Each structure stands twice: as C-alpha cells, then as structure tokens.
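For reference, the structure discussed in these notes is given below.
The values are calculated or read from the model by the stated rules, or taken from the named source; none is laboratory data. Owing to the predicted nature of the structure, the values given are computational and were not obtained by experimental measurement. FYI the Cβ positions are ideal-geometry reconstructions off the backbone, even for glycines, and counts take in every protein chain you see. Surface areas here come from the heavy atoms of the whole protein model, side chains and all, with no ligands, DNA or RNA. Shrake-Rupley method; radii C 1.70, N 1.55, O 1.52, S 1.80 Å.
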Amino acid sequence: MNSLSLDDFEARALDTLSTYGAIPCLSPMFDAQWDQNGHIEAAVQLLASWARTIKLAHFDVAIERLEGRTPVLVVTVEATAPSSGTVVLYGHLDKQPPLGDWSDGLDPFVPVRRGNRVYARGVADDGYATFSALLALEELEGRGVKHARCVVLIEASEESGSPDLEFHLDALKERLGDVELMICLDSGALTYDRLWVTTSLRGIVVADVTVSVLTQGQHSGSASGVVPSSFRILRQLLERIEDATTGDVKLTELHSTIPLAHQEAARAIAVEFGDVIARELPTLEGVELMGDSASDRILRRTWAPTLSVTGMGGIPSPEIAGNVLRPFTRAVLSLRLPPTVDAMKAADAVVRALSTDVPSHAVVEVSVSAADGWMSPPLAPWLAAALEVASLDAFGRAPGFTGEGGSIPFLASLAKRYPHVQFVATGVLGPQSNAHGIDEMLDLPMAVGVTNAVATVVAAHAKKEV
Ligand SMILES: [Zn+2]
C-alpha cells in the first residue's frame, strides 16, 4: 500500500539534501556568530525553497523569526479530513560540529554516497526530517488519503538544547491550534529493519565547575606539599557525585525506579537482538563493559544516571606541561538523568555536592544548565494499532519500542505544554549513523521506511476522528 519508493525519495529529495549536507549550519552553541555567518539562514532558505515545490493542495511555507533567535521553518498543510486537531511533525536543521577528522574519503561538509548511504554532517540528524515529513504528506494526498491539519516545524537550535523553541512555540500557539499528535523525527533506531518508536529519553544536567587555589601558578617545587592541588580537590568533589570504583552515581536526587514495563521491554530486546548496545560500540579489545547482561546494558543506557567529564580547563597540553602547581582546574560535567527525574532538582543536588564544605576551603565556582528527560505517555489504542500497521507496511516487520540514552529537551517541554497529546518519537539514527560523531550517515532505505510509516500514522490519525 505504501508507494514512496527509494527511487521516488532520491528523485524528490536527494539533490537538496546533498546541498544541505554541504552547509556548515552549526547550532548556535558551536557557532556563536551564527547570525553573521549566515549558514543557518542558508539552510532554512534552502529547505523553505524545497518545501515550496511540494505537491499539496493547500499549504503555506513560512520562515518565522524572532529578534536575536534562530529562525524556524513552518509548513502549514490544510486538512483534507474533517478534523479540528493538528498533527505536528518536528525536526531540526542545525547541526553538531564535525567533532574531528572524518575517515578517508569522507568529509563533514562534502556529501558522499556509498551504496544506499549518504555521509555528511546533519543528513541524518536531522536534515532528512523536512523531506520525510513533507513527502509523507505528499504521498497521502497523491493517493487521495485524508489527513488532518499538519504543521511541519523545523527548528534551528536543537543541538544547543532548543533554547529558542519555547519562544517560537509561544508565538505559534494559534497556528499550532489543538495539537493532538506530535511526530518527532529526531530519534534513534536499534536496527534498520523496522520502525523504532522511542519510549523514553534521558534528561541532562551540564555543570561547569572551577576549583581555584592560587592567584597564579607556582613552581611545584616550592608550592606542592603546602598548597592543596586543585585537581585533588576536584577529585574529592567528583567522588561525592560518582563512585570512582563502580561508576555509580551517588546522589539520590539523580535516581528513580525503572517502570516494570520498561524492564520487560529491555529483556525482550535482549532476547531478540542479543547484546545490541555492546555490539555497536567501538570498544578496545579487552576492555570490560559496565552492566552484567545485555538487558542490563539497555537499561543502563536509557535509565541510569551517569557522569561524563566532557571538557577540562586550566591544564596545559602534555607538550607544554611544566612543573607547576596550577592555580585552578576546571571541568565540564555532563550528567545523564533517568527519564522521570526532575532535572532542576538534580541540578541543585549537583551544585550542592560541588560547593558545600569544600575541602581546604578552596574556591569553587559552578554554573549549571538542566533539561528534563521524557517518558512516553501510554499509546492510545488507535495509535498503537497504527504503528503496528505502519511498520508492517513500510518494513514488513512489527515496530520496535525502546528507550534512548540521549535527550530531546523539547519533548519534555511539549509534553508539559500539551498534556493530552499523543507522541511518536522515531528516527533514522541506527547503527553506524554516528550522529554527533565522525562519519555521520543517512541510511536511505530507512529514511524511506520512516517516511512511509509516518504517512500511515498521519492517515490513521485522521480516520480515528470520523
Ligand atoms: Zn537531532
């Protein structure tokens, strides 16, 4: 019944998607001069021009702007079914930075096709979303299948934690209307053989902490043994957050109970796919992973609070390291939170742990940002049935349901804004898609499958109204 083929997708989308792949439209967090540099502008113009070519009966393409904020692309498609509700299809056009050197023959901003895969930064996370969302609707109208009013919303600050989105959502309140179904095309997949629906996302706290002990560095021969090392004090402070032996996070505010259904789902995935998490990681030979079983690792990745030190300052690189007792040590801490933990409370606990009763009365400065995780509300019966049909039709297999270890802060804020909305968070980010890493890749058949599945779900939504 689905008729969008790989050939169709290529013919309609691939040129523009490749042009998009060449634009270094980094998210504002990675390009402070994004406004002057104009790459985000180039990307939103490109996608808007493409959107204007879509074959739909009644639609409007707008680039919405707010002072000092990144723009959003809003494509409003009028209903062909008698329905008052709105379906929002979400994606983003801002990108992560390249991260490092890409493998031979690949370049973050020179799209390369190998077989049915396209490599370039941002093509999978999340450039394909505009194309999938609109081609799904084009597909429906082309076949005379009815749909509700749809708003395709493509933002440009997602990789910075969506700081601009709330303001746009406020401004777009009227246009969005009564949102009944939210399809987020920015999530992951465990395999490329079925539609994967995300059941939860972790929250996040990012803490930037500096421990200072001196106004200037001193000869370590004269100061060590007398002035406490800022690195040692940082270690002590980190030990309050994470057990250095086990890697377990100690702060109770960062823990929650894993719902039984999610534990069972993890076990079922482990039975079907084996140690799917371990398999996808480029772990060095001999390194022992955390977690004691495949299902445990799935749960650890999606429900465990964790600490990663993602940046350090005040420490010279090894080539220029002198024998100095350094004046300060700075670290950026990235803490992933269980989906149901209150991120603000967690952030407060982290700040308390880092700044209360500091050893040797060293001077500590901490700044934090936090975003809640998200747990999918129970699926309405019509939606559960629609997802089943959508995956079977598009892939020949039933859909998979799993949590994701990353965060999409906007889902949590949307869930608060529209408490009764039904969510489908899905995407193309499967094995080797390398979103955020080097060699990002879009699997084209997966993009086609997701597009067709979206069409089925949007059609089913319109039917349940009548
Ligand atoms: Zn993304």
Quiz item: Here is a list of conditions, (1) closer than 27 Å to Gly161 by Cβ; (2) assigned by TED's automatic domain parsing to the domain that holds Leu153; (3) away from the ligand (no atom under 16 Å from the Cβ); (4) open to solvent by less than 30 Å² (accessible area, probe 1.4 Å), and Gln432 meets all of them except one; can you say which number that is?
Solution: (4)
Practice problem: Within the range 106-116, count every residue that is in contact (Cβ under 8 Å) with a residue 24 or more places away in the chain and open to solvent by less than 60 Å² (accessible area, probe 1.4 Å). | Solution: 4
Quiz item: Tally time: how many residues in the range 279-327 are among the aliphatic types (A, V, I, L, M), touching a residue at least 24 places away in the same chain (Cβ under 8 Å) and part of a helix (DSSP H, G or I)?
Solution: 3
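Every residue in the range 154-185 that is assigned to a helix (DSSP H, G or I), open to solvent by 10 Å² or more (accessible area, probe 1.4 Å) and within 15 Å of the ligand (Cβ to nearest atom), please. Talk me through it step by step, then tell me what you get.
Kept after step one, since they are assigned to a helix (DSSP H, G or I), are these residues of the range 154-185: 158-160, 165-171, 173-176.
Next cut, open to solvent by 10 Å² or more (accessible area, probe 1.4 Å) only: 158-160, 166-167, 170-171, 173-175.
Result: Glu158, Glu159, Ser160.
Is it the case that Val276 is touching a His at 6+ places or on another chain (Cβ under 9 Å) and in contact (Cβ under 8 Å) with a residue 12 or more places away in the chain?
Values: touching a His at 6+ places or on another chain (Cβ under 9 Å): no; in contact (Cβ under 8 Å) with a residue 12 or more places away in the chain: yes.
In short, no.
Thr70: in a loop (DSSP other than H, G, I, E, B) and closer than 26 Å to Gly188 by Cβ, yes or no? Show your work before the answer.
Numbers: in a loop (DSSP other than H, G, I, E, B): yes; closer than 26 Å to Gly188 by Cβ: yes.
Considered against the rule, which asks whether it is in a loop (DSSP other than H, G, I, E, B) and closer than 26 Å to Gly188 by Cβ, Thr70 comes out as yes.
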Quiz item: Considering only the range 26-68, how many residues are open to solvent by 80 Å² or more (accessible area, probe 1.4 Å), among the acidic types (Asp, Glu) and within 24 Å of the chain's Cα centre (by Cα)?
Solution: 1
Quiz prompt | Selected residue (criterion: surrounded by the most Cβ atoms within 10 Å (Cβ to Cβ)) from residues of the range 186-206 that are within 16 Å of the ligand (Cβ to nearest atom) and farther than 28 Å from Ala347 by Cβ | solution = Trp196
Quiz item: Residues in the range 406-419: is at least one over 24 Å from Gln96 (Cβ atoms) and either open to solvent by less than 10 Å² (accessible area, probe 1.4 Å) or within 16 Å of the ligand (Cβ to nearest atom) (or both)?
Solution: no
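Looking at Val332, Val350, which one is assigned to a helix (DSSP H, G or I) and either out of contact with any Phe, Trp or Tyr (no Cβ under 7 Å at 6 or more places or on another chain) or closer than 30 Å to Glu139 by Cβ (or both)? Before you say what the answer is, go through the steps one by one.
Numbers: Val332 fails: assigned to a helix (DSSP H, G or I).
Only one candidate passes the filter, namely Val350.
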Quiz item: Within the range 310-325, is even one residue open to solvent by less than 20 Å² (accessible area, probe 1.4 Å) and farther than 22 Å from Ala435 by Cα?
Solution: yes
Quiz item: Which of (1) within 16 Å of the ligand (Cβ to nearest atom); (2) under 23 Å from Phe410 (Cα atoms) is the odd one out, the single condition Val74 does not satisfy?
Solution: (1)
Exercise. Consider Gly427 carefully, then state whether it is in contact (Cβ under 8 Å) with a residue 60 or more places away in the chain, within 15 Å of the chain's Cα centre (by Cα), open to solvent by less than 10 Å² (accessible area, probe 1.4 Å) and within 16 Å of the ligand (Cβ to nearest atom).
Key: yes
Quiz item: Thr257 is checked against (1) open to solvent by less than 40 Å² (accessible area, probe 1.4 Å); (2) not in a helix (DSSP H, G or I) and fails just one. What number does that condition carry?
Solution: (1)
Quiz item: Filtering the range 340-373 down to residues that are out of contact with any Ser or Thr (no Cβ under 7 Å at 6 or more places or on another chain) and among the charged types (D, E, K, R), which residue is least open to solvent (accessible area, probe 1.4 Å)?
Solution: Asp372
Quiz item: What residue, of Gln216, Gln236, is surrounded by fewer than 16 Cβ atoms within 10 Å (Cβ to Cβ), in contact with a helix residue (DSSP H, G or I) (Cβ under 6 Å, 6 or more places away or on another chain) and of a type in the set (S, T, N, Q)?
Solution: Gln236
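Can you tell which of Ala398, Ala390, Ala394, Ala385 is within 30 Å of Arg267 (Cβ to Cβ) and open to solvent by less than 20 Å² (accessible area, probe 1.4 Å)?
Just a single option satisfies the conditions, and that option is Ala390.
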Self-check item: Single unsatisfied condition, Asp443 versus (1) within 19 Å of Tyr128 (Cα to Cα); (2) away from the ligand (no atom under 16 Å from the Cβ); (3) under 20 Å from the mean Cα position of the chain (by Cα)
Solution: (2)
Exercise. Select from the range 18-40 the residues that are part of a helix (DSSP H, G or I) and either hydroxyl-bearing (Ser, Thr, Tyr) or out of contact with any helix residue (DSSP H, G or I) (no Cβ under 6 Å at 6 or more places or on another chain) (or both) and list them in ascending order.
Key: Ser18, Thr19, Tyr20, Phe30, Asp35, Gln36, Asn37, His39
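Given the criterion of a type in the set (Ser, Thr, Tyr) and out of contact with any Lys or Arg (no Cβ under 8 Å at 6 or more places or on another chain), identify the matching residue among Thr130, Thr80.
Values: Thr80 fails: out of contact with any Lys or Arg (no Cβ under 8 Å at 6 or more places or on another chain).
Just a single option satisfies the conditions, and that option is Thr130.
Answer yes if at least one residue in the range 103-112 is under 27 Å from Ser413 (Cα atoms), out of contact with any strand residue (DSSP E or B) (no Cβ under 7 Å at 6 or more places or on another chain) and more than 13 Å from the ligand (Cβ to nearest atom), and no otherwise. Break it down into steps so the answer makes sense when it comes.
Let us first name the residues in the range 103-112 that are under 27 Å from Ser413 (Cα atoms), namely none.
No.
Of the residues that make up the range 130-153, is at least one within 16 Å of the ligand (Cβ to nearest atom), open to solvent by less than 40 Å² (accessible area, probe 1.4 Å), within 19 Å of Thr70 (Cα to Cα) and not in a strand (DSSP E or B)?
Yes, the range 130-153 contains at least one residue that is within 16 Å of the ligand (Cβ to nearest atom), open to solvent by less than 40 Å² (accessible area, probe 1.4 Å), within 19 Å of Thr70 (Cα to Cα) and not in a strand (DSSP E or B).
Please count how many residues of the range 100-129 are within 30 Å of Gly85 (Cα to Cα) and assigned to a loop (DSSP other than H, G, I, E, B).
Within the range 100-129, the subset within 30 Å of Gly85 (Cα to Cα) is 124-129.
Keeping just the survivors that are assigned to a loop (DSSP other than H, G, I, E, B) gives none.
Number satisfying all stated conditions: 0.
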